[in-house]
1. Can you tell me how many residues in region 276-299 are without any contact (Cβ under 8 Å) to a residue 60 or more places away in the chain and not in a helix (DSSP H, G or I)?
2. What number of residues within region 140-187 satisfy the criterion of being more than 19 Å from the chain's Cα centre (by Cα), surrounded by 15 or more Cβ atoms within 10 Å (Cβ to Cβ) and assigned to a loop (DSSP other than H, G, I, E, B)?
3. Restricting to region 113-139, and then to whatever is over 20 Å from K180 (Cβ atoms) and basic (K, R), can you tell me which residue is nearest to the chain's Cα centre (by Cα)?
4. Can you report the number of residues in region 128-137 which are in a loop (DSSP other than H, G, I, E, B) and surrounded by 11 or more Cβ atoms within 10 Å (Cβ to Cβ)?
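Throughout, read-outs are computed from the coordinates displayed, never taken from laboratory work. Fair warning: this is a prediction, and the values are worked out from it, not measured in the lab. Because the Cβ atoms are built from the backbone with ideal geometry, glycine has one as well, and the counts that use them run over all protein chains shown.
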Amino acid sequence: MASEDEYIYGSGGPLGSDSDNDSVSSEIDGNQLKSSSNKRKGNNTDKLASDEIVPISKKRRKKKKDDAPVSSKSLLILAGRGIALDSAESQVKFINTLYSHSMKMSGNNEADTFSFSPEHLYTTPPGTDEKVKQFQHKNLDAFLKGPVTSMKRLKNWKHECSPMVIIVTLSARRSVELMKELSSLKLPIAKLFAKHFSVEEQVELLKGPVKGSGGGGKKRSERCYSIAVGTPGRLLTLLQHGRNEQGSDGLGALRLNHTEVVIFDTHEDSKGFNVCTLKDTSSDLMYFMKEGVVPQLERKKSNLTISMF
């Protein structure tokens, strides 16, 4: 029987070999190789028949992939799928993990002392019919009636720069979709995302709608925006805007001192990421929480509630 090297490389030796002895004995080695190959094929007939559909190399790659350990990041992504329909305890653990991880990654350990609790979150009351629950989480108009304590106050909101409801979304496109769902409320909605609007335009927008006056000038309407829809990056920018300017009261263009509901829209994109787990939005969302939501939750008389849609 031919040697193992001859079976692997053939009569020419290893690939790229220029030995003269190999050319002289090519005929003999060729006959030996053919005989050895036939014997090997005969011994492995059953094995090849069972593996002819899936090559061994592919089976090995698949096994290696399945055996790979799951990272903490992957676990968070999996935990974020369908989180809006989970219990308050599950949602609290999820938010606390995201928040503490984000603060540690940024080197900020001061915020690690804060811990969210079930009291900070709104969830569908226990005993709610499953079909009703599913419907509410597919229709923002129906869902909003849960965390919002008074629809009358929502329609007559008078606090500028601090909407009663802030909805945090994955993207500008998703923001527009949710605004269409809220059209039945017939309320003006502040568009706080980057598409078509500059930061300065949104700063003026948050001060309240502008209407014309009889003298040709313009004045602010008493009714302010009660609902705002935006992306984490722009919300954070507006929250920080103007804080360090001379004569500033220490508050940004966007303020949460009167805000009562912050909704995380957990709609998933084509790859299964939502606003909490997508790399481009999760960090900004946690800093928005740190600088805007957490200070309000730490107040003794805070009415702020976090909700997941």
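1. Our first condition is that a residue be without any contact (Cβ under 8 Å) to a residue 60 or more places away in the chain; within region 276-299, this holds for 279-280, 284, 291-293, 295-296, 299.
Among the residues that remain, those that are also not in a helix (DSSP H, G or I) are: 299.
Qualifying residue count, region 276-299: 1.
2. 12
3. Looking at the filtered set, the residue picked out is K133.
4. The initial filter retains those residues of region 128-137 that are in a loop (DSSP other than H, G, I, E, B), namely 128-129, 137.
Checking which are surrounded by 11 or more Cβ atoms within 10 Å (Cβ to Cβ) leaves us with 128, 137.
Looking only at that region, the number is 2.
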